[in-house]
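Heads up, the thing below is written out as structure tokens.
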Amino acid sequence: MSSSDVVVVGAGHAAIQLAASLRQGRYDGAITLIADESGLPYQRPPLSKAFMSGHMEEAALLLRPASFYAAQNVGVVENDAAVGIDRAARVVTLASGAAHAYGHLVLATGAANRPLPVPGAQLPGVVGLRNLAEARALKALLPGLRRVVVIGAGFIGLEFAAVAAERGIAVTVIEAAPRPLMRGVSAVMSDHLAASHRGWGTELLTGTGVKAIHGSTHAESAETTDGRIILADLVLVAIGVIPNTALAAAAGLRTGNGIEVDAFLATADPAISALGDCAAFPMAGQIGLVRLESVQNASDQARALADRLLGKPTSYAKLPWFWSDQAALKLQIAGLSGGHDQTVLRGDPASGAFSVFCFQGARLLAVESLNRAPDHMAARRFLAGAPKITPAEAADPAFDLRSAG
Amino acid sequence: MAKITFIEHNGTSHVVEAENGVSVMRAAVDHNVPGIDGDCGGECACATCHVYVEAAWQGVVGGRTETEETMLSFAAATQDNSRLCCQITVSDALDGLVVHTPDGQH
């Protein structure tokens, strides 16, 4: 064991990209990933999309083939959870009793599904969708389902609803907020997505929560806070996630909405960093710390941290971007729209392909593109700094996004 | 199977044995070739797998798809021989292929 050895708690996008980038940068110490699941590390985004719909085989989910780990000399400890950090001794202990000494410890612990705090939530037939085991189980049930209730109209809930509706399953989505994807997209985009789901036959109830799940031995119905009883063979709970911070908190590291890190993704302990879904980090233009749940954030933070561990520290300042596939709709988001006071449409929503440019005054904050990948690519350039675009230019179909700047 | 050579901007080359049917991007990522990110996983949605195809191979590799053409118009430092390698499928015909990676993908 050398003082330069890197131990990563987690084996998602962030962990794998960190290992890959360290080796690309000729890092020659040991790299060990601690995974609390069995099997090789895999991609989560397709679980509620192409994997669920049957368009992607399970083998294609792997982040890297088995040969990668041998060739790059990256160790993966499977099916064992990190349960403690001894910061003085620089050792991580696992549930199995194994101990791993580290020179640098990276917390890439991700997040866990937020549990539904109502009676009946523990009944069989009330499920979540975050890991491969859950996705496999849910996918296997699909052929026998006639009606499902999805609690939560966030990305996961809507993606699953689209897959289920496409299969002819009667879907009811129950969302406590007044509109779907309230935190994630503008009202214009949200309304368009709501209308699309309704057009596919999904019943979308907004502004109402769930009071209880009923059933004797298995979920049979969901009761809304406004008193409706909705029959269901299965209830999917998709009401967001909670960052996995317990390990860090128990080790005395600062946690809040995530494991708190500085602009270099370092915790207060110089030998411990955190990144990806579990990390709360400072971001220019945002108040307080930001925590993002996305592949882009995980991958770009991993590249930034690898640079620091390779002796080239740079503060993390990448543009956030996200995507979601719902039936034939490809939604791509660049930037963070929170705080926008003006939206400008580019393209006609009735055509099914358009973008929403979200401005705060003259400043472009985010662009949401539906089936308009070129707008998304242009938006990433605009949001990364230069060139600039005004609301009038964004709204003008004759204005060529490529020519700007 | 096809032997594919990726030459980095700094001249370092990486030779990869790629299986038929996978994309050239996937082959690069699976073998940890630097300079190819493939952030979107092969959806032709991010333009981070940009390569320059060596002149002798342009005809064999073929032209850009429509989506790819649009995506490349937003990428940096494109040339006539630019391709997004998630859109190139490995086959025996590509045995010996040489591509160059740009200075950066972002």
Just one listed residue, out of B:SER73, B:SER23, is within 29 Å of A:ALA379 (Cα to Cα) and within 10 Å of the chain's Cα centre (by Cα), and it is B:SER23
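Residue-by-condition table, conditions (1) at pLDDT 95 or above; (2) of a type in the set (A, V, I, L, M); (3) in contact with an Asp or Glu (Cβ under 8 Å, 6 or more places away or on another chain):
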position	(1), (2), (3)
A:ARG64	yes, no, yes
A:GLU78	yes, no, yes
A:ASP86	yes, no, no
A:ALA89	yes, yes, no
In segment A:21-73, anything surrounded by fewer than 21 Cβ atoms within 10 Å (Cβ to Cβ), among the hydroxyl-bearing types (Ser, Thr, Tyr) and more than 10 Å from chain B (Cβ to nearest Cβ) is listed as A:TYR27, A:THR32, A:SER38, A:SER53, A:TYR69
Does segment B:22-29 include one or more residues that are more than 14 Å from every other protein chain (Cβ to nearest Cβ) and touching a Ser or Thr at 6+ places or on another chain (Cβ under 7 Å)?
-> no
Residue check, A:ALA362 in contact with a Ser or Thr (Cβ under 9 Å, 6 or more places away or on another chain) and closer than 18 Å to B:PHE74 by Cβ: no
Per the filter on segment A:81-125, residues in contact (Cβ under 8 Å) with a residue 24 or more places away in the chain, assigned by TED's automatic domain parsing to the domain that holds A:LEU253, of a type in the set (Val, Ile, Thr) and out of contact with any helix residue (DSSP H, G or I) (no Cβ under 9 Å at 6 or more places or on another chain) are none
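Conditions (1) in a helix (DSSP H, G or I); (2) more than 14 Å from chain B (Cβ to nearest Cβ); (3) buried (at least 23 other Cβ atoms within 10 Å of the Cβ); (4) at pLDDT 95 or above, marked per residue:
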site: A:ALA222; (1), (2), (3), (4): no, yes, yes, yes
site: A:ILE242; (1), (2), (3), (4): no, yes, no, yes
site: A:GLU293; (1), (2), (3), (4): no, yes, no, yes
site: A:ALA298; (1), (2), (3), (4): yes, no, yes, yes
site: A:ASP307; (1), (2), (3), (4): yes, no, no, yes
Next on the checklist: I'd like to check something: does segment A:13-24 contain any residue that is in a loop (DSSP other than H, G, I, E, B), at pLDDT 95 or above and not assigned by TED's automatic domain parsing to the domain that holds A:ALA133?
Outcome noted: no
Turns out the strands (runs of 3 or more DSSP E) fully within segment A:329-379 with at least 2 residues that are within 20 Å of the chain's Cα centre (by Cα) and buried (at least 23 other Cβ atoms within 10 Å of the Cβ) are A:329-335, A:363-370
Residues in segment A:166-178 that are in contact with a Gly (Cβ under 7 Å, 6 or more places away or on another chain) and either surrounded by 21 or more Cβ atoms within 10 Å (Cβ to Cβ) or among the hydroxyl-bearing types (Ser, Thr, Tyr) (or both) total 2
Discussion item. Is it the case, given these coordinates, that A:PHE264 is outside any loop (DSSP other than H, G, I, E, B) and of a type in the set (Phe, Trp, Tyr)?
Written reply: no
Residues of segment A:167-218 being among the acidic types (Asp, Glu) and more than 15 Å from A:VAL235 (Cα to Cα), in sequence order, are A:ASP191
Scanning segment A:179-191 for residues that are at pLDDT 95 or above and under 16 Å from A:ILE151 (Cβ atoms), the one surrounded by the fewest Cβ atoms within 10 Å (Cβ to Cβ) turns out to be A:ARG179
When segment A:10-67 is checked residue by residue, the ones that are without any contact (Cβ under 8 Å) to a residue 24 or more places away in the chain and among the β-branched types (Val, Ile, Thr) are none
Filtering segment A:390-405 for residues that are assigned to a loop (DSSP other than H, G, I, E, B) and away from chain B (no Cβ under 14 Å) leaves a count of 5
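The values are calculated or read from the model by the stated rules, or taken from the named source; none is laboratory data. Not measured: the values here are computed from a predicted model. As a convention, Cβ positions derive from the backbone with ideal geometry for all residues, glycine included, and neighbour counts pool all protein chains shown.
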